[in-house]
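Participant: Sharing a structure with you now.
The values are calculated or read from the model by the stated rules, or taken from the named source; none is laboratory data. Please read all numbers here as calculations on a predicted model, not as lab measurements. When we count neighbours, we look across all protein chains shown, and the Cβ atoms used for this are built from the backbone with ideal geometry, even at glycine.
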Amino acid sequence: MNHDEMIRHARQVLSDNDRGAYTVPTHGLYPFQWNWDSALSALGFAHYDEPRAWTEIETLLDHQWDDGMVPHIIFHAPDDGYFPGPEVWGTGRAVPTTGITQPPVAGFAVRRIHDRARDSALAARQVRALLPKIHAWHQWFYRCRDPEGTGLVALLHPWESGRDNSVDWDDAFDRVPIDGVGEFTRRDTAHANPAHRPTDGQYKRYIWLVQKFKSLGWDNTKLHDASPFKVVDPGFNAILIRACEDVADLAARLGMEEIAKESRAMADKGVAAMESLWSDELGQYLCYDRAEGKLIPSASIGGVLAAFAPIPKHRITALVRRIEELGEVCNYLIPSHDPRAPEFDGLRYWRGPVWLIVNFMVADGLQRAGEREIIDRIMGDCLRLIETSGFAEYHDPVTAEPCGGAHFTWTAAMIIEILHTFEVAA
Ligand code: DGY
C-alpha cells in the first residue's frame, strides 16, 4: 500500500466511525465517545476537515462536569452492547457519562490543530472558547488528584490511565476487594478475542471501584483519599504536563495571561516532580503506588511515554537507549511491556502489544528533543504494522498480529497524522 492509499483507507475508517458530532473508537466494542480517543482522532480529521476536528473536541468538552472533570466516556446514545453502561455508573448526568477521567491529551491536540490551521480565524475562535475549559480540567487534576500538592496526580481507576490492564497496576490492584460485586455479563469479549482483553478477575475489581465511587456520590473531594487504588503514572503525568505546557504557550500568544501563568506553573512543578519517578536500574520512569508509598518496579511503556513531556535532555537520551534496547527484543516498536519480563503477553491489551497512539506521542516528544534515528525506526514500524495487519486497535510487537477491535479510529487518525507530519520513507 502506498502512502496515498493508506491515507485513503484511514479516512474511510474515520468516516465509518463518525457519528456526526463525535466518533466512536470502533463499532461494537466501543459504541460511545471516549475522551482521549476523541482528542487524538481530531488530529487526523484536522488534515482534511478542520471544522469536523474542532467539533470533536467541542463535543467532548460540552460534557465537562461542574468541578472541571472531563469524563472518560460520554454515553450519547443507548447501546446495550457495552458493559458497564450508564446505569452501572449512575452519575446522574442529563447525557450520561462515566465518573472517572482519562489522559488529558485535549490541550496538546488543540494547540497542534490551532498552530497548523488553514482557517486561522476559526482556530482562534475555537481556542478562545476551549482553553478555559481545558485549563479548568487541568486545575481539577491538581486539586482533586494531588491534594497534597506533590506536583504529580494519581489515578484512582486503571481505566483512567487508558492502560487498563498494565502490569504496573497488578500489585496495587490485588488490594482492591471484590466483595459486593454482583453477577455481571461482560460485553467486550463478545466483540473481541478474550485472549486480547483483561481477565474476569480484573473486571470484578474495575467494577468494585466504580461501585465504591458511586457510593460516595462521585464527589471528587472524597474519592482520592477513599480509593484503595491510587497510582501515579509517569505516562499519564507526562501527558498532563505536556498539555499544561501547550495551553501555557497558546494562552500567552492569545493574551490569556492568567491561564498562561497558571499553566506554566503547573507544568514546571510537574517536570520537577517527575524526577522522583526515575529509575537508573531500568533506565526509565516508574509508577508510584501512593497508597503504599513505594515505586513500582515494572518495565512498562508508561515510563517511556514520559518522553512526551518537556523532561531534561539527559533523561530523553536515556529513554532513547531504553527504546533501542526494546527494539532488539521485538520486531515492532514500542511494546507496551518489556518482552523479556515474565508478565509480557504480546496479545493482551496493555501487557505487551504496540499502540500507535503511544508511538506517536513518544516520537513527538523525541522529535522536539532533536532525536532522529530512533524516530525513523518507530515510524517505519508503525507503517509496517498497518500494511501487514490493518487498522487494528493494537498489534503484537513480535508477530504483528492484529488485536482487539478492528477498523479503529485513533489508529487511522495516527496514520494520517504520521504520514503528514513525519518524514517516513515511501
Ligand atoms: C474498556 O471498556 O475496555 C475501556 O478501555 C474502558 O475505558
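Participant: Of all residues being within 15 Å of the ligand (Cβ to nearest atom) and within 13 Å of R290 (Cα to Cα) in the stretch 169-188, which is modelled with the highest pLDDT? Just the residue, please.
Facilitator: If we take residues in the stretch 169-188 being within 15 Å of the ligand (Cβ to nearest atom) and within 13 Å of R290 (Cα to Cα), then W169 is modelled with the highest pLDDT.
Participant: Right, another one. Take the conditions within 16 Å of the ligand (Cβ to nearest atom) and within 22 Å of D80 (Cα to Cα) and apply them to P194. Does it pass?
Facilitator: Values: within 16 Å of the ligand (Cβ to nearest atom): yes; within 22 Å of D80 (Cα to Cα): yes.
Judged against the criteria, P194 is a match.
Participant: Can we say A251 is buried (at least 24 other Cβ atoms within 10 Å of the Cβ) and touching a strand residue (DSSP E or B) at 6+ places or on another chain (Cβ under 8 Å)? Break it down into steps so the answer makes sense when it comes.
Facilitator: Working: buried (at least 24 other Cβ atoms within 10 Å of the Cβ): yes; touching a strand residue (DSSP E or B) at 6+ places or on another chain (Cβ under 8 Å): no.
Here the answer is no, as A251 does not meet what is asked.
Participant: Something else: Can you list the helices (runs of 4 or more DSSP H) lying wholly within the stretch 1-90 that have 1 or more residues being within 16 Å of the ligand (Cβ to nearest atom) and either in contact (Cβ under 8 Å) with a residue 24 or more places away in the chain or crowded, with 21+ Cβ neighbours inside 10 Å (or both)?
Facilitator: The qualifying helices (runs of 4 or more DSSP H) are 35-45, 50-62, 86-89.
Participant: For A106, work out the one condition from (1) within 16 Å of the ligand (Cβ to nearest atom); (2) within 23 Å of V231 (Cα to Cα); (3) hydrophobic (A, V, I, L, M, F, W, C) it doesn't fulfil.
Facilitator: (1)
Participant: Next question. Could we say that P297 is under 18 Å from the mean Cα position of the chain (by Cα) and surrounded by fewer than 23 Cβ atoms within 10 Å (Cβ to Cβ) here?
Facilitator: no
Participant: Here's another thing I want to ask about it. Would you say R19 is basic (K, R) and closer than 18 Å to L130 by Cα?
Facilitator: No, not satisfied.
Participant: Further question on the same structure: Can you tell me which residue in the stretch 225-249 is nearest to F408 (Cα to Cα), limited to those that are away from the ligand (no atom under 16 Å from the Cβ) and acidic (D, E)?
Facilitator: Per the criteria, the residue is D246.
Participant: List the pairs whose first member sits in the stretch 163-188 and is under 12 Å from G201 (Cα atoms), whose second member is acidic (D, E) and in a loop (DSSP other than H, G, I, E, B), and whose Cβ atoms are under 7 Å apart, counting only residues at least 6 apart or on separate chains?
Facilitator: none
Participant: Pairs only if they're at least six apart or on different chains, beta carbon under 6 angstrom, first in the stretch 142-161 and within 16 Å of the ligand (Cβ to nearest atom), second polar (S, T, N, Q) and outside any loop (DSSP other than H, G, I, E, B); list them, first residue then second.
Facilitator: Final answer for the pair search is L155/S161.
Participant: Also: With the structure loaded, tell me whether I374 is assigned to a helix (DSSP H, G or I), over 18 Å from P103 (Cβ atoms) and at pLDDT 95 or above or whether it fails that test.
Facilitator: yes
Participant: Next question. For R111, which of the numbered conditions (1) outside any helix (DSSP H, G or I); (2) in contact with a helix residue (DSSP H, G or I) (Cβ under 6 Å, 6 or more places away or on another chain) fails to hold?
Facilitator: Of everything listed in (1) outside any helix (DSSP H, G or I); (2) in contact with a helix residue (DSSP H, G or I) (Cβ under 6 Å, 6 or more places away or on another chain), R111 misses just condition (1).
Participant: Counting just the residues of the stretch 225-243 that are among the aliphatic types (A, V, I, L, M) and not in a helix (DSSP H, G or I), which one comes out nearest to W278 (Cα to Cα)?
Facilitator: So, considering only residues that are among the aliphatic types (A, V, I, L, M) and not in a helix (DSSP H, G or I), the one nearest to W278 (Cα to Cα) is V232.
Participant: Shifting gears a bit: Applying the selection to the stretch 275-312, what residues are assigned to a strand (DSSP E or B) and either under 17 Å from V362 (Cβ atoms) or touching a residue at least 40 places away in the same chain (Cβ under 8 Å) (or both)?
Facilitator: Result: W278, Q284, Y285, C287, Y288, D289, I296, S300.
Participant: Among the residues of the stretch 139-146, are any within 24 Å of Y30 (Cα to Cα) and aromatic (F, W, Y)?
Facilitator: no
Participant: Any residue that is touching a Lys or Arg at 6+ places or on another chain (Cβ under 7 Å), surrounded by 16 or more Cβ atoms within 10 Å (Cβ to Cβ) and part of a loop (DSSP other than H, G, I, E, B) - is there at least one of those in the stretch 129-150?
Facilitator: Looking through the stretch 129-150, none of the residues is touching a Lys or Arg at 6+ places or on another chain (Cβ under 7 Å), surrounded by 16 or more Cβ atoms within 10 Å (Cβ to Cβ) and part of a loop (DSSP other than H, G, I, E, B).
Participant: What are the residues in the stretch 197-224 that are aromatic (F, W, Y) and more than 16 Å from the ligand (Cβ to nearest atom), if any?
Facilitator: Residue satisfying the conditions is W218 alone.
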